[in-house]
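What follows is calculated from the coordinates using simple rules that are stated; it is not laboratory data. The shown structure was predicted, so the numbers you read here are calculated from the model rather than taken from an experiment. When we count neighbours, we look across all protein chains shown, and the Cβ atoms used for this are built from the backbone with ideal geometry, even at glycine.
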Amino acid sequence: MPKPESFPIEKIFVPTKMKKALKPEIVGEIAESMLEIGQQEPISVRLDGDRLVLVEGLHRLEACKALGETAILGVLVPAELAQPKPLLSERPEVEAERIKMARLKQLRLEKEAAEASTAALKGAGATQAPRTRPTKGIRDNPKASPGRTAKSTPKTLSDWITQQKGSGGRY
């Protein structure tokens, strides 16, 4: 690995795509650390014409800027080796893990909702008597009545009244 050297911060170009990943809270943490123990890890830069392009170390660079530094320790890497590492969020295994965690969260929420619903139903059942269908007795069941057949079952109220009058029953 090349030996770290000092680079002027003003000469370092930060690609736009890299700037989007900047997290101010991380910059603050690194700046505090740099105040206490100094810069521990150099940034990586590559040459592009007469300017330096940041390859790795955005938060360290921004922390040095925030502290008012004019130079930063860095390592000059050849352009062909300067392929930026994919951001953590761009790695396929991280994306797969994120999807898995989202699915697990959804399943957990569904399970909790089902448990809450079941508990609510049990709670309601404990305070109210369960609804039961009355058992059919002989009076309500024409097939159980002696002397009646399926053909003699009245279809309308008028038929029933007529049938009751003919059999001497009360209506």
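Computed over neighbours whose Cβ is under 12 Å from that of ALA102, the net charge equals +3, Lys and Arg +1, Asp and Glu -1. Label positions at THR153 and ALA71, each projected 7 Å from the Cα along the C-beta direction, are separated by 10.4 nm.
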